[in-house]
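The values are calculated or read from the model by the stated rules, or taken from the named source; none is laboratory data. Model, not experiment: these values are computed from the prediction. All Cβ positions, even for glycine, are placed from backbone atoms using ideal geometry, and neighbour counts span all protein chains on display. The accessibility values were calculated without ligands, DNA or RNA, using every heavy atom of the protein model including side chains. Shrake-Rupley method; radii C 1.70, N 1.55, O 1.52, S 1.80 Å.
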Amino acid sequence: MQKNIVILISGRGSNMEAIVAAAIPGARIAGVISNRPDAAGLGFAAERGIPTRVVDHKAYPSREAFDAALAEAIDALAPDLVVLAGFMRVLTDAFVSRYTGRLLNIHPSLLPSFPGLHTHRRALETGVRVHGTTVHFVTPTLDCGPIVVQAVVPVLPGDDEATLAARVLVQEHRIYPQAVRWFVEGRLSFDAEERVRVRDELAGPTGWTVPPVEA
């Protein structure tokens, strides 16, 4: 049976594009929702026959009111999984709890390092030798949910924010569709410490699926 995927975006939605392009067996992109009417990703989705909707956060008097309207729009699509793909809103605890275990996000750092904004700048300022990206389940604490998969890239001499971000983005487009595929296939589970396990996945140097450093 197909699983309905609802994707939330605020801009171009390049990770949304990667998930759509992956054509994951058993996954149906039930809709793309944006909090911004001018989000470029809405056009990409509409051109491919994917239902789109705007829930403009500026039209609501509070974060709670916006989240309630957003949840109503999501639930109308009967989601099995909600995917944040460059959705630039901090969600309320009530919203996150509503989708516990079926709300994924991708963050441009190797969590728990550099939660929040400006991750590439902070990585360069700190002088780390490797950087990367993390797919994780969303919990009420920002960027602290159970990690599904990470990808590592080197920080090269002469890197600036733009070059490092571009290298990380390549890996985002690779691992986010993979994480969605694992969810659709029913391969993700949690252990007693709420760490994510992937059934039948080859073990890697950190316990399972962290890819090697790539240029």
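Out of the range 43-63, which residues are touching a Lys or Arg at 6+ places or on another chain (Cβ under 9 Å) and either surrounded by 22 or more Cβ atoms within 10 Å (Cβ to Cβ) or among the β-branched types (Val, Ile, Thr) (or both)? Within the range 43-63, VAL54 is the sole residue that qualifies. The residues of the range 197-210 that are touching a helix residue (DSSP H, G or I) at 6+ places or on another chain (Cβ under 9 Å) and at pLDDT 50 or above, listed by number, are VAL198, ARG199, GLU201. Does SER10 satisfy being touching a residue at least 24 places away in the same chain (Cβ under 8 Å), hydroxyl-bearing (Ser, Thr, Tyr) and in contact with a strand residue (DSSP E or B) (Cβ under 7 Å, 6 or more places away or on another chain)? Answer is yes for this residue.
When the range 64-79 is filtered for residues that are assigned to a loop (DSSP other than H, G, I, E, B) and buried (at least 17 other Cβ atoms within 10 Å of the Cβ), the ones remaining, listed by number, are LEU77, PRO79. If you filter the range 2-37 down to residues that are more than 16 Å from the chain's Cα centre (by Cα) and at positive phi, you find that the one that is most open to solvent (accessible area, probe 1.4 Å) is ALA23. If the requirement is being closer than 14 Å to GLY101 by Cα, more than 13 Å from the chain's Cα centre (by Cα) and modelled with pLDDT of 95 or more, which of these qualifies: GLY186, GLY132? Just one listed residue meets the conditions, GLY186. When the strands (runs of 3 or more DSSP E) confined to the range 108-204 are screened for residues that are surrounded by 14 or more Cβ atoms within 10 Å (Cβ to Cβ) and touching a residue at least 60 places away in the same chain (Cβ under 8 Å), those reaching at least 2 such residues are found at 147-154.
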